[in-house]
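Asks: Next up is a structure, given as structure tokens.
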Amino acid sequence: MLQYLKDHWQGGVEIVILWIFIYQLYRAFRATRGARILVGLALVFIALTFASQLLQLQVIGFIIRWATAFLALALLIIFQPELRSALARLGSTRLFSFSTTQQEKFLETLGDAVVQLSRKRFGALFALERSISLKEHAETGVAVGAKLSTELAVTIFHPKTALHDGGMVLSKETVTAAACVFPVSQKELSDRSMGLRHRAGIGLTEETDAVTIVVSEETGSISICMDGSIERNLNEDEFRKRLEEIFLSDEQDDEKLVGAQLDGEDRVAATGDRSLVSD
């Protein structure tokens, strides 16, 4: 037995690696429309292969072998959005790059602004830039270049203003642009009552590592989107706590890790928001 394991341990390692790879693919694609296409292709491929082998259908067998060469290219085209999102997340390393004190002040201001918008039931969509630049998406809107404040956010998202119908891009504590158009998620959502504002909040997090905040104009409910998923119907305390967990805990972990290294050397309510495209 020991000799067998010694001679064939590489096979076990390959099985584990393939299992992890297939499981991660399943997790990434199970809620997408592409998953249905993949299942359909797999079923057709298996059925035709089984039929060609059982009934000795040489022509079909030849076609299957010939088509297999183009299957990889077809999968790349079908799953282009998912692959793009995975590669983007692979390159994500840090959250905000400014100090913890600045983060705390910024998150407090952002929390106050979102709560005010929620109480007034002004629809809003914020995108918080992290390690992946949102310049491409900011260019679809109107440049602002101002420090975030509660008054500025309420003014921009007031239903009677020209910039209210779109997303606001935040880089550090600065409002980079407003009235921006974000990519809308094509993923199958369990709650079909979610409008384009929520879908846009999810869609941006599928392509980048940004965190988006959505305020419903119908109910005033607050949602946070991250990594292609959404947390809905957060109250004020839950919302502020989640912001701290997302942005401050990671920074504190980095500081503890650096400290340990130095010591070693000498640690959903349903909504139906309007479209992002202005009337």
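Since every read-out is calculated from the coordinates, none of them should be taken as a lab result. These numbers come from a predicted model, not from an experiment. Please note: Cβ atoms are built from the backbone with ideal geometry, for glycine as well, and neighbour counts cover all protein chains shown.
Asks: FRET efficiency for Lys135 and Thr219, Cβ-Cβ distance as r, R0 = 41 Å, nearest 0.05? List each step's numbers first, then the result.
Replies: Values: r = 32 Å, r/R0 = 0.79.
Given R0 = 41 Å and the Cβ-Cβ separation, E is 0.80.
Asks: Which of the peptides 117-126, 235-244 is most tightly packed, and how do the rest follow, going by the mean number of other Cβ atoms within 10 Å of each residue?
Replies: Working: 117-126: 20.4, 235-244: 15.2.
Answer by packing, highest mean first, reads 117-126, 235-244.
Asks: A further question follows. What is the sum of charges, Lys and Arg at +1 and Asp and Glu at -1, for the other residues whose Cβ falls under 12 Å from the Cβ of Lys105?
Replies: For residues surrounding Lys105, the net value is -2.
Asks: Give the lysines reachable from Lys147 as a straight Cα distance under 23 Å; neighbours fewer than 8 places away on the same chain don't count.
Replies: Lys105, Lys120, Lys135, Lys160, Lys172, Lys241
Asks: Sort Ser223, Ser131 so that the residue with the fewest other Cβ atoms within 10 Å of its own Cβ comes first and the one with the most comes last. Mind dumping the intermediate values first?
Replies: Numbers: Ser223 24, Ser131 16.
Ascending Cβ contact count within 10 Å gives the list Ser131, Ser223.
Asks: Could you give the length gained on full extension between Ser149 and Leu41, defined as 0.36 nm per residue of separation minus the Cα-Cα distance, in nm?
Replies: Contour length minus Cα-Cα distance gives 33.8 nm.
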